[in-house]
Amino acid sequence: MSTSAHTTTSAGRDFPELDAIRFVAALGVVVTHTAFFAGLYTRGTWGVATQRLEVGVAVFFVLSGFLLGLPYVRTALGGRPPQPLRAYARKRVLRIMPVYVIVVVLAFALIGRNQDLGFVRLVKNLLLIDYYDETQLPFGLTQMWSLSVEVAFYAALPFLGAGIIALARRSRRPVRLVNALLLGSVVVGVAWVGLTHVWDAEVAFWAQRWLPAYIAWFAGGLLLATAYESARRSGTPGVLHRLAADRATCWIAAGGLFLLSTTPLAGSALLVELSGSEAVVRHVLYLVVAVLVVLPSALGPGGTAASRVLADPRVRHLGHISYALFCTHMLVLELLPPLLGYELFTAPWLPLFAAVLLVSLAASELLYRYVERPAMSRARPAATTAAKATSDAH
């Protein structure tokens, strides 16, 4: 990323393509939310596909698992220790909170339907805990549920990482052990998703919001980090590296599985409760799609035409502003349609999408230049070299 944060590992390896992947994921989220406003979900397979672009959240979580987990995996396999907890926490706070706080305050100040929520709800949203205490987030902030889950992962990772490191150091085959632990996390996460759709409805509703419900997606990124680090240390590319070298195969497979997710196997596109089997199918498909999308840019050899396009500084810059895009687009979607004369479920989707995207990108550029980049520059002096591995992980 530019001066504020680069997707760079502690060993100095740069992952420039992941910035572009992050923007694509954010764009998918914008599509799915504008499509909902336009009433597109009920319009055949195309409408269902726009809803399923929520898979962008799974891509975010896989990216976080890979980039943030890499220093812990490296330590577990015999490398240098990860950055100190204080530096890690400082970097995470400065990475996400300045833009987030501005957007929350604006959502409460500018959206009439939020102005009766009160000061307590404002504080709960600023602390990213409203998601765990209320059935619905405030208008203009409904996408922030995933940021609440991200922050839960940020908080848990140093402790989970410490446990993995302690166990791996006692093992004669640390790579196998780490992979087994992460695969176990995937199994636990998928099982949690299935179980929470058959538990008592009131308990299940809240359990579906906790970190275990999404740990499989983060573990997918950590598995990529393990594959990357084990190959780097041994000098022998593994199966995932060979697959990553064929970007076309990865992305075609991701596209095919994405289309499978639009079938009834993965449930309705509407806001209705899924059955246990539908929830599991959708969750697993999103996991595999996200891993296949990220894989070539994380483990691939680079140097191809596609990698050069994705690593182009102009394309990477879209990744730089993608976090602000994610944060602002729902606020814009609340405020802009009345000015354009658009109403819920009847608005023309393409003009709505274009307008929301353009305004959100403009706002994101300003936030990146005048809020994110200065905040991240403050994090740099306090960060160790290893901290660079985790920058811009959202």
Condition met for ARG92 (part of a helix (DSSP H, G or I) and in contact (Cβ under 8 Å) with a residue 40 or more places away in the chain): yes
Residue match in the stretch 300-311 (condition: surrounded by fewer than 22 Cβ atoms within 10 Å (Cβ to Cβ) and either at positive phi or acidic (Asp, Glu) (or both)): yes
Condition broken by SER297, with the remaining ones in (1) closer than 24 Å to ALA152 by Cα; (2) under 18 Å from the mean Cα position of the chain (by Cα) satisfied: (1)
Identity of the residue in the stretch 169-187, modelled with pLDDT of 95 or more and small (Gly, Ala, Ser), that ends up nearest to ASP130 (Cα to Cα): SER185
SER268 vs. criteria farther than 24 Å from TYR154 by Cα and in a loop (DSSP other than H, G, I, E, B): yes
Answer from ARG74, ARG80 - the residue that is more than 30 Å from GLY255 (Cβ to Cβ) and surrounded by fewer than 24 Cβ atoms within 10 Å (Cβ to Cβ): ARG80
Residue satisfying all of: in the stretch 87-124; under 19 Å from the mean Cα position of the chain (by Cα) and not aliphatic (A, V, I, L, M); surrounded by the fewest Cβ atoms within 10 Å (Cβ to Cβ) among these: PRO98
Residues located in the stretch 223-239, provided they are over 15 Å from GLY69 (Cβ atoms) and either among the aromatic types (Phe, Trp, Tyr) or in a helix (DSSP H, G or I) (or both): ALA231, ARG233, SER234, VAL239
Extreme residue, farthest from the chain's Cα centre (by Cα), among residues of the stretch 165-193 that are small (Gly, Ala, Ser) and closer than 20 Å to VAL62 by Cα: ALA180
In the stretch 240-265, the residues that are of a type in the set (Ser, Thr, Tyr) and not in a loop (DSSP other than H, G, I, E, B): THR249, SER261
Residues of the stretch 150-208 classified as charged (D, E, K, R) and either in contact (Cβ under 8 Å) with a residue 40 or more places away in the chain or surrounded by 18 or more Cβ atoms within 10 Å (Cβ to Cβ) (or both), total: 2
Criterion violated by SER277 - all others in (1) buried (at least 16 other Cβ atoms within 10 Å of the Cβ); (2) at pLDDT 95 or above; (3) not basic (Lys, Arg) satisfied: (1)
Residue check, LEU325 within 21 Å of the chain's Cα centre (by Cα), at pLDDT 95 or above, surrounded by fewer than 23 Cβ atoms within 10 Å (Cβ to Cβ) and closer than 14 Å to ALA20 by Cβ: no
Residue pairs meeting the criteria (Cβ under 6 Å; at least 6 apart or on separate chains; first among the hydroxyl-bearing types (Ser, Thr, Tyr), in the stretch 1-26; second modelled with pLDDT under 50 and part of a helix (DSSP H, G or I)): THR8/LYS388; THR9/ALA389; SER10/THR385; SER10/ALA386; SER10/ALA389
Lone unmet requirement of (1) among the aliphatic types (A, V, I, L, M); (2) free of Cβ contacts under 8 Å to residues at least 60 places away in the same chain; (3) surrounded by 22 or more Cβ atoms within 10 Å (Cβ to Cβ) for LEU260: (3)
Residue that is modelled with the lowest pLDDT, among those in the stretch 213-252 that are under 18 Å from VAL186 (Cβ atoms) and surrounded by fewer than 17 Cβ atoms within 10 Å (Cβ to Cβ): GLY238
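The values are calculated or read from the model by the stated rules, or taken from the named source; none is laboratory data. Treat the numbers as computed from the prediction; the structure is a model and nothing was measured. So basically every Cβ, Gly included, is an ideal-geometry build from the backbone, and we count neighbours across all protein chains shown.
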